[in-house]
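Written out below as structure tokens is the structure these notes cover.
The values are calculated or read from the model by the stated rules, or taken from the named source; none is laboratory data. Predicted model, so just to flag it, every value in this text is computed and none were measured. Virtual Cβ from ideal backbone geometry, glycine too; neighbours counted across all protein chains shown.
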Amino acid sequence: MIWVITYIGVVLFLVLMYKYLTRNYNHWNIRKIPTARGAVLGFGHMLDVMMLKKNLSTLLQETYNAYPDVSMVGLFDFDQPALLIKDPELVKTVIQIEFASFSDHMTLNIFADPLLTMDPAFVNGEKWKHIRGMFSKAFSVKNLKFISLVAKYECDKLVEFIDKKFDKESVVDVNAKHLFSNFTAQVVAHMIFGVDGEAFDDFHLPESFRTMMDAMFEANVITGIRQNIFFSLPLVGKLLNVGFVPSWVNVTFTRVVNEIRELRKSLNLKKYDILQQIIDYEADNKYGDVVACYAFLFFIEGYETSSLTLSSTAYLLSKYPKFQTKARKEVDRVMDKYKSICYDAINEMTYLDQIIQEAIRLFSPVASMQKICTKSITLQGVDGLACALDPGDVVFISSVGIHRDEKYWQNPNDFNPDRFAKGSEGYRKHMYLGFGEGPRKCPGKRMAIVQVKAAMAIILKNYIIEASSRTVEPVKIEPKYFLTTAQGGFWIELRRLTCSC
């Protein structure tokens with residue numbers, strides 16, 4: 001008798017679980033919105049993401065491409081409905097025109113991620129506005145000139161670091177991401193703290209800035225699982241106290257910041273760097289002692305996406321030597337004029353800027369966006385599809401889907417920097433989303449462009465970039481990472497430039 005009761009109980013539990021997990025599966029059919037195929041019970045369309053077979057941006061791009069003639073597609077983020085919008089006019093509506101209806105982003109567990117409490121990607125309302133004010137101040141023209149001086153100093157060290165590798169070889173084969181992560185770590189450590197990041201080395205100390213950043217951004221199974229829990233299973237993350245940042249990084253980075261602050265205080269020293277500006281900006285302690293949080297935010301803003309952009313740019317130039325030659329001629333002309341890298345020289349390298357924008361179009365570090373509805377609204381597509389959204393509903397945007405859509409770009413999969421010449425197709429808003437658009441666009445864009453252009457200029461000035469056989473072709477996006485990089489890495493060969501090319 002007991003086994004019968006047990007059997008009935010198990011069956012009833014499974015039936016109730018099935019009903020619960022499928023309670024929303026008619027959501028998009030009722031609204032007459034096309035629904036992506038391949039939903040799996042309990043996971044929705046996220047099974048491959050959770051199994052680390054593809055990252056979210058790849059999933060959204062594939063969904064985008066599978067439905068070429070519609071303005072929106074319904075998805076299931078586990079058992080919750082989510083809407084993928086494809087029409088640039090809808091994108092404009094969501095991220096700019098109707099910003100008030102989509103102003104909020106996901107929040108985080110401050111106990112698991114104390115250093116991210118001031119990250120504008122995870123805060124809303126007045127706190128978000130306060131943080132944007134800090135960014136506006138930090139990236140004024142005056143400060144960008146300071147950052148360009150820092151970049152110039154670190155560019156010289158970058159050349160020294162690379163040249164050491166030529167001792168026994170005529171060609172240096174390098175993982176571009178690793179190389180440029182050394183550079184960006186140096187720049188941001190110098191820019192924020194006025195210290196040597198000690199990153200120009202093939203071995204990094206256990207508590208160095210590079211080691212801390214690698215613990216968060218190195219593509220591997222552990223990082224992939226942690227990031228999936230953080231982005232897709234926040235309740236599990238809170239229960240297990242798992243955050244985006246490993247706990248030891250929170251502790252170590254905070255200690256480093258406090259040690260630098262105490263040293264300056266004991267010496268009555270006031271330096272012109274980002275740390276000092278943070279201290280001055282937060283003098284009233286409106287949100288408590290958040291100096292370490294701001295410093296961490298500036299560090300990750302300047303470190304990862306810039307090194308990803310540099311690595312994809314170098315890879316593309318290695319594949320298209322004619323564009324590399326044209327860019328080198330511009331660099332030589334401008335450097336001859338200004339004698340070194342400086343803010344004005346960087347601004348004058350317009351063709352190099354086109355190359356970088358085109359690299360970002362093809363390999364956007366942040367290749368998708370997620371918006372949360374905060375006020376009821378109905379989205380109307382150009383094809384007649386309409387979807388009513390309520391507070392809490394999720395909207396996805398596939399930046400890479402739009403970037404590689406032949407409806408908006410001629411030969412979208414080709415690398416062609418000329419498409420970003422002034423007045424050309426690259427300047428159409430909401431079709432190019434490399435830095436986002438609207439009030440929530442990337443706050444560190446100007447800083448990123450300065451250091452990326454400086455690094456590429458010094459590389460082109462001193463080396464020929466050639467393709468490496470170690471890059472896996474065709475390029476596949478790394479699935480164990482939430483940003484965009486090549487599986488196996490973007491590898492390049494560097495050859496000393498011995499003549500004008």
Just checking, does region 472-482 include any residue being farther than 30 Å from Leu47 by Cβ, in contact with a helix residue (DSSP H, G or I) (Cβ under 9 Å, 6 or more places away or on another chain) and part of a strand (DSSP E or B)? no
Tally the residues that are out of contact with any Gly (no Cβ under 6 Å at 6 or more places or on another chain) and crowded, with 21+ Cβ neighbours inside 10 Å, restricting the search to region 46-70. 9
Which residue out of Lys164, Lys142, Lys177 is in contact (Cβ under 8 Å) with a residue 40 or more places away in the chain and out of contact with any Asp or Glu (no Cβ under 8 Å at 6 or more places or on another chain)? Lys177
Considering only residues that are modelled with pLDDT of 85 or more and among the β-branched types (Val, Ile, Thr), which ones fall in region 18-44? Ile30, Ile33, Thr35, Val40
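Conditions (1) under 24 Å from Glu478 (Cβ atoms); (2) out of contact with any Lys or Arg (no Cβ under 9 Å at 6 or more places or on another chain), marked per residue:
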| site | (1), (2) |
| --- | --- |
| Leu56 | yes, yes |
| Leu59 | yes, yes |
| Ala66 | yes, no |
| Phe102 | no, no |
| Phe111 | no, no |
| Leu116 | yes, yes |
So which helices (runs of 4 or more DSSP H) stay within region 257-366 end to end and still have 3 or more residues that are surrounded by fewer than 23 Cβ atoms within 10 Å (Cβ to Cβ) and touching a Gly at 6+ places or on another chain (Cβ under 6 Å)? none
Which one of these does Gly9 not meet: (1) touching a Lys or Arg at 6+ places or on another chain (Cβ under 7 Å); (2) free of Cβ contacts under 8 Å to residues at least 60 places away in the same chain? (1)
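Answer yes if at least one residue in region 86-109 is of a type in the set (A, V, I, L, M, F, W, C), in contact with a Phe, Trp or Tyr (Cβ under 8 Å, 6 or more places away or on another chain) and not in a helix (DSSP H, G or I), and no otherwise.
Checked region 86-109: at least one residue is of a type in the set (A, V, I, L, M, F, W, C), in contact with a Phe, Trp or Tyr (Cβ under 8 Å, 6 or more places away or on another chain) and not in a helix (DSSP H, G or I).
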Output the residues belonging to region 455-470 that are touching a residue at least 60 places away in the same chain (Cβ under 8 Å) and surrounded by fewer than 21 Cβ atoms within 10 Å (Cβ to Cβ). Lys461, Asn462, Glu466, Ala467, Ser468, Arg470
For region 367-385, how many residues are among the aliphatic types (A, V, I, L, M) and either part of a strand (DSSP E or B) or free of Cβ contacts under 8 Å to residues at least 60 places away in the same chain (or both)? 4
Could you list, in sequence order, the residues of region 394-437 that are surrounded by fewer than 17 Cβ atoms within 10 Å (Cβ to Cβ) and within 27 Å of Val123 (Cβ to Cβ)? Lys429
Flag for Val245 being surrounded by 13 or more Cβ atoms within 10 Å (Cβ to Cβ) and more than 30 Å from Glu478 (Cα to Cα): no
Filtered residues of region 25-79 (kept if assigned to a helix (DSSP H, G or I), of a type in the set (A, V, I, L, M, F, W, C) and within 23 Å of Tyr408 (Cα to Cα)): Leu56, Leu59, Leu60, Ala66
